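Here's the structure we're looking at; comments come further down.
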Amino acid sequence: MCPKTDKQDAIVFKFTNFVCESYNQSWFVFHNCRLKAVSRNKVLLNMNATVLTPANDITIRGRIFKKASGYKPWLYDVTFDACRYLRRPNQPFVAIIYGLFKQFTNINHTCPYVGSQIIKDFYLRPELMRLPVPTGDYLLAVQWYFDKRPQFETNVSYTFVEDLLKSK
């Protein structure tokens, strides 16, 4: 008889790469942007950056790509006003992504943003993923605009594998 396993043991949901790039060092500077593997299926994301000039008008464009002979556009391409969203969450897809990391960051208040912006020891938890996602490798590409001008970009690659045979 097979030992009983939890459904969560059948899911691998972890970061594989994290790249940050500032286009305007006089407005936004990255100090730290890295991943740290702590176990086979758990990778921590850490980011430390500074907003040098107060930002009151922030627009975010987030796109998800799925790897298939290179990364191909997949399902989501969302542009939204971040300041407005934080005052009144009104984007279901954004709420799912934000819900994954909001407890690991100080980026959880309304505008203006200025000073240190930190994400510390953030890891992906399959129990918080509320959308059905096919097994595969993905890239979440996020472009950040302050006052309608591109300031920086964060690209997060991750893998999602669901092996339901292990959950029996």
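Placing pseudo-labels 7 Å out from each Cα toward the beta carbon at Thr110 and Tyr76 gives an inter-label distance of 2.5 nm.
Remark: the stretch 32-168 carries a charge dipole of roughly 240 debye about the Cα centre, counting +1 on each Lys and Arg Cβ and -1 on each Asp and Glu Cβ.
Here the gap between His31 and Arg87, fully extended at 0.36 nm per residue and compared with their Cα-Cα distance, gives a gain of 17.4 nm. Counting only other residues whose beta carbon sits under 11 Å from that of Asp77, what net charge do I get with K and R as +1, D and E as -1? Around Asp77, the surrounding residues sum to +2. The mean sequence distance of close C-alpha pairs (under 8 Å, at least 6 residues apart), as a share of the length of the chain, puts its relative contact order at 36 percent. Shape analysis of the stretch 8-85 based on the Cα gyration tensor places the equivalent ellipsoid semi-axes at 27, 19, 13 Å, largest first. Ranking Thr159, Asn46, Thr79 by how far each Cα lies toward the positive end of the dipole of the chain (charges on Cβ) leaves Thr159 at the top. A Förster distance of 25 Å, applied to the separation of the beta-carbon atoms of Asn56 and Glu153, puts the FRET efficiency at 0.80. To the nearest µm²/s, what D does Stokes-Einstein give for the stretch 64-129 at 10 °C and 1.306 mPa s, using the Kirkwood radius over alpha carbon pairs as Rh? Diffusion coefficient, whole number: 114 µm²/s.
Of the cross-linked pairs Lys14/Lys67; Lys42/Lys102; Lys14/Lys148; Lys36/Lys102; Lys72/Lys102, those separated by over 25 Å at the C-alpha level are Lys14/Lys148; Lys72/Lys102. Helical content alone sets the calculated 222 nm signal of the chain at -2500 deg cm²/dmol, taking -39,500 (n - 2.57) per DSSP H segment of four or more residues and averaging over every residue. Can you give me the C-alpha center-to-center distance between the stretch 100-167 and the stretch 62-80, rounded to a whole angstrom? Cα centroid to Cα centroid, the span is 14 Å. Per the Debye formula with a single identical scatterer at each Cα and no solvent contribution, what log10 I(q)/I(0) holds for the chain at q = 0.08, 0.17, 0.18 Å⁻¹? Log10 of I(q)/I(0), two decimals: -0.26, -1.12, -1.24.
Here, each number is a calculation from the coordinates, and none is a lab measurement. What you are looking at is a predicted structure, and each value in this text was computed from that prediction instead of being measured. Methodologically, a virtual Cβ is constructed for each residue, glycine included, from the backbone with ideal geometry; neighbour enumeration extends over all protein chains shown.
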